[in-house]
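*Asks:* Here it is, the structure in full.
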Amino acid sequence: MAAAEARPDAPDLADAAAAWRGAYVHIPFCRRVCPYCDFAVVAGAGEHRGRYVEAVLAEIGMAEPFGPLQAVAFGGGTPTQLAAADLVRILHALAERFGIDRGAEVSLEANPEDWDRPTAAALAAGGFTRVSLGAQSFDRAVLTDLGRLHRPDDTRRAVAEARDAGFAHVNVDLIFGSPAEDDRSWEGGVAAALACEIDHLSTYALTVERGTALSKAVAAGAPGPVADVQAARYEWAMTEAAAAGFVRYETSNSARPGSACAYNLLTWAQGEYEAFGTGAHRHRDGARAWNVRRLDRYLERVEAGRRPQSGSESLDAAGREQERLLLGLRRAAGAVPGRAGEALLASPWGRRLVEAGVLESRDGRLIVARPLLGDEVSRAVLALDLDG
Amino acid sequence: MTDVSRIRNFSIIAHIDHGKSTLADRMLEQTGALSARDMRAQVLDSMDLERERGITIKAQAVRLRYQAPDGEYLLNLIDTPGHVDFSYEVSRSLAACEGAILLVDASQGVEAQTLANALLALEHGLEVIPVLNKVDLPAADPDRVAEEVAGVLGEDPERVLRVSAKTGEGVGALLEAIVERLPAPSGDATAPPRALVFDSYYDTYRGVVCSVRMFEGRISTGDRLRLMVTGETPDADEVGVLTPRVVPVAELGPGEVGYLITGIKEIDRIRVGDTVTRDDLRAAGPLPGYREPKPMVYSGLFPTEGDDFERLREALEKLRLNDAALVFEPETSRALGFGFRCGFLGLLHMEIVRERLEREYDLDLVATAPSVAYRAVLSDGGEVEVHSPQDLPDPGGRTAVLEPYVRAMILTPSDYVGTVMELLQQHRGEMGSMQYLSPERVELVYRVPLAEIVFGFFDQLKSRTRGYASLDYEPDGYRESDLVRLDVLLNGTPVDAFSAVIHTDRAYTYGRRLAERLRELIPRQMFDVPIQAAVGSRVIARETVKAKRKDVLAKCYGGDVTRKRKLLERQKEGKRRMKMVGQVEVPQEAFISVLRVDED
Ligand SMILES: Nc1nc2c(ncn2[C@@H]2O[C@H](COP(=O)(O)OP(=O)(O)OP(=O)(O)O)[C@@H](O)[C@H]2O)c(=O)[nH]1
Ligand SMILES: C[S@@+](CC[C@H](N)C(=O)[O-])C[C@H]1O[C@@H](n2cnc3c(N)ncnc32)[C@H](O)[C@@H]1O
Ligand code: SF4
Ligand SMILES: [Mg+2]
């Protein structure tokens, strides 16, 4: 677990997370679907919420023994579309089934427009320690363009109310590079986020995902994100965040000392986690598996007493080693080279990455020094033939 | 054995697309060689590529039985390709015949290959029957075109036949004219045999199959033969004819056209143009043979995967079995590794070979921009042929560079004469002659560097004359030229595969366009990539591919690690179409696209 004031990018913290255990709970409900979103979501569907909570509880009951847990994450969709009491029930079911360590991180995603004092108080009292608010932007025009229902002040208020309710960690998510955004609105947004009482900042580059309304609009000629512009926005945000005392510990994530997100660290350390709900992905006993994405199928399966798993993937040893490096190199702490790292450094691709200053070998670790070119590294790792 | 007076041997010759293969279809049909069920359009174009592109690449012989009013005749028809790259196939075919059908599209009129092929036929001493085709087309102008054709041959326009290979109209009369107007072959059946090998192909099961034309004597199955040029003495395992089905016969006699299978499996041991005789009954001397087809352009072919070099060699060797015009020698490029420098008859031939290698042999290839063969006179007085720009000796080591010229013949409507002359001028052409074939049609003969003709000229000619002008050319010696080698440096390092030999006056423009084009083609990389075009140490153009700034999936994926990895795996596949040149990723098409730099 994160030592109280550990630097978010500390190598020992990054590596320790490999041994942690996590659980993820997916809540697919949203007021409406944002044009850029391709997560497993359903708009409205109020009538299914009660059944869904029961189904998740049942699914937890079917899980093999696991745990105890050091990191729990409720994501979505929009977890706050459920009543706080239901979220707490699910959390208690996890605690009962697997055990949750004292000092474990218990995080949830929340939309600012859903957040209020009673909700915050109930969640904090029920055991949640961290909230991640989907701010996305602090500019009204940009929020409208992104199809969001809240206003900038909702986010400011939500952060304050979370703090008042006793949440130890508060994050905001920002999206950059959307068509309605300009330098001023982005710079203003970063400043506004840093002016809130947050200890964690996620900055995501708007991505055009297949099948979304955004992707259809772009295909029809509407403006989409521009890579060079996104690069400039990203760099600006990283500089500002650093000046405000935040440390970038992964491509898209920065935190104050002691506030790195445990569930994130666990994922990038190739740690194992259970998962529940529609489309949820788990990683257990060296295998990755995922649930059915559709709400109706999920409910049917669970209510019939069956596991809702729809697919799985087991990598061989070489594949897992590649995956370890792939995930690990997203972190500022990088990764110990291991077999894949040695092979990477010896490959022509690896040498080219080093020469271009993208990949560095430092203090016995491999580090991606230019995170904006991270996929160049990822592809080179995937191109390795470790069996040969 | 057939009585020679009952045999007629002829080729169908024409400009490309004037309907030779379609006419052959009608003749096959009307003589009953193929049932309606076996019939399909251009049935003699049997290669996949021929069918896809709708052109004939290889000449094809077929025997027909024709019932004339005075009894049965055997007609040996050879369908020839019309494209200028394959004109050597036409000369070979003509050497096996007494007559030729000169086919002319009545809506197009006489074009360059009409003229070139007509002259070839007359040079071979053949009787030529002029025939207008496509008279069914509304745009056909048979009276005018008949005048034109008659003018070319010095014939009476009344003697020009008219057919539609599409509807079959007039084909009966043409068959009749073949019997009446073409001479029967002559040849003593009892003389020592002499048969001309006018084509050959390789069959996996049967080895080398030769197409032969008997001039004298007979060859029977089981004979011990002698190839008069190479001295090989194989047995005649099988002789036969193509109808177009393979039909073995007991023997082939004078005037007949057929195939011959010996035990020989190696194509190099039987040369097209050789004369077959009997070992125990030797002819006095061989028939006049052929000149070996000489490659006009050279290009490097490199496997994308270094391991495929041996597979490429085997594939080239196999292709050569049926394509004597293809030559190749190993070549090493610093940029592309091990491959072959290949010689082709022209760009179409090059394209076809490359496509066959990729499709039939499942190879992934990078082709470098084609170049013609230069000659360098060395300081020590020696001379070398240069097939690849890298092989051009440095200015210090040479006293002159010679470049190949062609005699280019262009037929154009008289309205465009000025335009065409201007174009030829721009391509360093020198006028030889100008002649009005008719008030509307002009023949221009120029001496032009081959390099100018081969790259870009044809397309420009077509576009500036709205498709009405046509071009034919033949080698016409070498001449000293002011040539330099233009090099390209990527990231400061010369990339041999991008070098080109070019006339000094053009170097600057070419270099600038090439650099611009490469900037467009080379994707942004992790660092700036400077592109320079240089002649010697003088840089004449400079461009930069700016470094990319962002290439990362910077989004929240929850616990879905699998999806992200699959996304990256897909992108990785796209990289396969890239070639690493030093530290720079260059898309494969960049190497060949250098060719298009010259086009306006
Ligand atoms: N309307 C019409 N079209 C014809 C006639 N003869 C041929 N064509 C068409 O003309 C095109 C070329 O015909 P081909 O028989 O392939 O011509 P070719 O001379 O063998 O061409 P190459 O072998 O490539 O030189 C095809 O689309 C034919 O269908 C005709 O008499 N009338
Ligand atoms: C699981 S999502 C949704 C959480 C929450 N429902 C919300 O919208 O605020 C978590 C974060 O992913 C980011 N995100 C979602 N879709 C994205 C996209 N297409 N491109 C970039 N970031 C995206 C947003 O910043 C979002 O807050
Ligand atoms: S971005 Fe958040 S609120 Fe919008 S649809 Fe996706 S999960 Fe729901
Ligand atoms: Mg044809």
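The values are calculated or read from the model by the stated rules, or taken from the named source; none is laboratory data. For clarity, every value in this text was computed on a predicted model and none was experimentally measured. All Cβ positions, even for glycine, are placed from backbone atoms using ideal geometry, and neighbour counts span all protein chains on display.
*Asks:* Answer yes or no: is there a residue in the stretch B:581-600 that is surrounded by fewer than 16 Cβ atoms within 10 Å (Cβ to Cβ), within 35 Å of the chain's Cα centre (by Cα), at pLDDT below 90 and of a type in the set (A, V, I, L, M).
*Replies:* no
*Asks:* Still on this structure, please answer the following. Got a sec? Which of A:A73, A:A83, A:A23, A:A58 is surrounded by fewer than 19 Cβ atoms within 10 Å (Cβ to Cβ), in contact (Cβ under 8 Å) with a residue 12 or more places away in the chain and aliphatic (A, V, I, L, M)?
*Replies:* Criteria check complete, one pass: A:A58.
*Asks:* Moving on to the next point. If I filter the stretch B:549-564 down to residues being over 14 Å from A:S202 (Cα atoms) and more than 7 Å from every other protein chain (Cβ to nearest Cβ), which single residue comes out as surrounded by the fewest Cβ atoms within 10 Å (Cβ to Cβ)?
*Replies:* B:R563
*Asks:* Can you tell which of B:V353, B:V377, B:V386 is hydrophobic (A, V, I, L, M, F, W, C), in contact (Cβ under 8 Å) with a residue 24 or more places away in the chain, within 29 Å of B:Y478 (Cβ to Cβ) and in contact with a helix residue (DSSP H, G or I) (Cβ under 8 Å, 6 or more places away or on another chain)?
*Replies:* Testing whether each residue is hydrophobic (A, V, I, L, M, F, W, C), in contact (Cβ under 8 Å) with a residue 24 or more places away in the chain, within 29 Å of B:Y478 (Cβ to Cβ) and in contact with a helix residue (DSSP H, G or I) (Cβ under 8 Å, 6 or more places away or on another chain) leaves just B:V353.
Conditions tested, residue by residue: (1) over 21 Å from the mean Cα position of the chain (by Cα); (2) within 23 Å of B:E180 (Cβ to Cβ).
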{"site": "B:S87", "(1), (2)": "no, no"}
{"site": "B:S93", "(1), (2)": "no, yes"}
{"site": "B:G99", "(1), (2)": "yes, yes"}
{"site": "B:A121", "(1), (2)": "no, yes"}
{"site": "B:V135", "(1), (2)": "yes, yes"}
{"site": "B:P138", "(1), (2)": "yes, no"}
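*Asks:* I'd like the residue in the stretch A:31-83 that is among the charged types (D, E, K, R) and part of a helix (DSSP H, G or I) and, out of all such residues, is farthest from ligand 3 (Cβ to nearest atom).
*Replies:* Within the stretch A:31-83, the match that is farthest from ligand 3 (Cβ to nearest atom) is A:E54.
*Asks:* Please verify whether the stretch A:90-106 includes one or more residues that are among the basic types (K, R) and within 14 Å of ligand 2 (Cβ to nearest atom).
*Replies:* No, because not a single residue in the stretch A:90-106 is among the basic types (K, R) and within 14 Å of ligand 2 (Cβ to nearest atom).
*Asks:* For the stretch A:183-200: of the residues being surrounded by 23 or more Cβ atoms within 10 Å (Cβ to Cβ) and of a type in the set (G, A, S), which is nearest to A:S254 (Cα to Cα)?
*Replies:* A:A193
*Asks:* Would you confirm whether or not the stretch A:112-131 contains a residue that is acidic (D, E), more than 14 Å from every other protein chain (Cβ to nearest Cβ), in a loop (DSSP other than H, G, I, E, B) and away from ligand 4 (no atom under 16 Å from the Cβ)?
*Replies:* Looking through the stretch A:112-131, at least one residue is acidic (D, E), more than 14 Å from every other protein chain (Cβ to nearest Cβ), in a loop (DSSP other than H, G, I, E, B) and away from ligand 4 (no atom under 16 Å from the Cβ).
*Asks:* Let me ask you something else. Would you be able to say whether some residue in the stretch A:50-70 is out of contact with any helix residue (DSSP H, G or I) (no Cβ under 8 Å at 6 or more places or on another chain) and within 16 Å of ligand 2 (Cβ to nearest atom)?
*Replies:* There is no residue in the stretch A:50-70 that is out of contact with any helix residue (DSSP H, G or I) (no Cβ under 8 Å at 6 or more places or on another chain) and within 16 Å of ligand 2 (Cβ to nearest atom).
*Asks:* If B:R224 satisfies every condition in (1) free of Cβ contacts under 8 Å to residues at least 60 places away in the same chain; (2) in contact with a strand residue (DSSP E or B) (Cβ under 6 Å, 6 or more places away or on another chain); (3) closer than 25 Å to B:D79 by Cα but one, which is the exception?
*Replies:* (3)
*Asks:* For the stretch A:226-305, which fully contained strands (runs of 3 or more DSSP E) count at least 1 residues that are more than 9 Å from chain B (Cβ to nearest Cβ) and surrounded by 21 or more Cβ atoms within 10 Å (Cβ to Cβ)?
*Replies:* It comes to A:247-250, A:253-255, A:272-276, A:287-291.
*Asks:* Does A:T207 qualify as being part of a loop (DSSP other than H, G, I, E, B) and within 14 Å of chain B (Cβ to nearest Cβ)?
*Replies:* Spelling it out, A:T207 is indeed part of a loop (DSSP other than H, G, I, E, B) and within 14 Å of chain B (Cβ to nearest Cβ).
Listed here are the residues, each with its yes/no results for (1) in contact with a helix residue (DSSP H, G or I) (Cβ under 8 Å, 6 or more places away or on another chain); (2) aliphatic (A, V, I, L, M); (3) modelled with pLDDT of 95 or more.
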site	(1), (2), (3)
B:L423	yes, yes, yes
B:G432	no, no, yes
B:E440	yes, no, no
B:V445	no, yes, yes
B:P449	no, no, yes
B:I453	no, yes, no
B:S463	no, no, no
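*Asks:* It is to be established whether one or more residues within the stretch B:33-45 are surrounded by 21 or more Cβ atoms within 10 Å (Cβ to Cβ), within 24 Å of B:R181 (Cβ to Cβ) and more than 10 Å from ligand 1 (Cβ to nearest atom).
*Replies:* yes
*Asks:* How about the stretch B:167-190: which of its residues are of a type in the set (A, V, I, L, M, F, W, C) and at pLDDT 95 or above?
*Replies:* Residues satisfying the conditions are B:V171, B:A173, B:L174, B:L175, B:A177, B:I178, B:V179, B:L182, B:A184.
*Asks:* Can you tell me how many residues in the stretch B:256-294 are buried (at least 16 other Cβ atoms within 10 Å of the Cβ) and without any contact (Cβ under 8 Å) to a residue 60 or more places away in the chain?
*Replies:* 4
*Asks:* With respect to the numbered conditions (1) more than 8 Å from ligand 1 (Cβ to nearest atom); (2) closer than 22 Å to B:L345 by Cα; (3) buried (at least 23 other Cβ atoms within 10 Å of the Cβ), which one is the sole condition not fulfilled by B:H18?
*Replies:* Every listed condition holds for B:H18 apart from (1).
*Asks:* Name the residues in the stretch A:4-30 that are within 16 Å of ligand 2 (Cβ to nearest atom) and in a loop (DSSP other than H, G, I, E, B), would you?
*Replies:* A:P28
*Asks:* Just to check your reading of the model, which residue among B:T114, B:T56 is in contact with a strand residue (DSSP E or B) (Cβ under 8 Å, 6 or more places away or on another chain), under 25 Å from B:L347 (Cβ atoms) and without any contact (Cβ under 8 Å) to a residue 60 or more places away in the chain?
*Replies:* Exactly one residue qualifies, and that residue is B:T56.
*Asks:* Just checking, does the stretch B:30-38 include any residue being outside any loop (DSSP other than H, G, I, E, B), closer than 29 Å to B:Q108 by Cα and away from ligand 3 (no atom under 16 Å from the Cβ)?
*Replies:* yes
*Asks:* Report, by residue number, each residue of the stretch B:524-548 that is closer than 26 Å to B:Q390 by Cβ and within 14 Å of chain A (Cβ to nearest Cβ).
*Replies:* Scanning the stretch B:524-548 gives B:Q525, B:V529, B:V545.
*Asks:* Could you please find all residues in the stretch A:255-275 being small (G, A, S) and closer than 15 Å to A:A289 by Cβ?
*Replies:* Residue satisfying the conditions is A:A275 alone.
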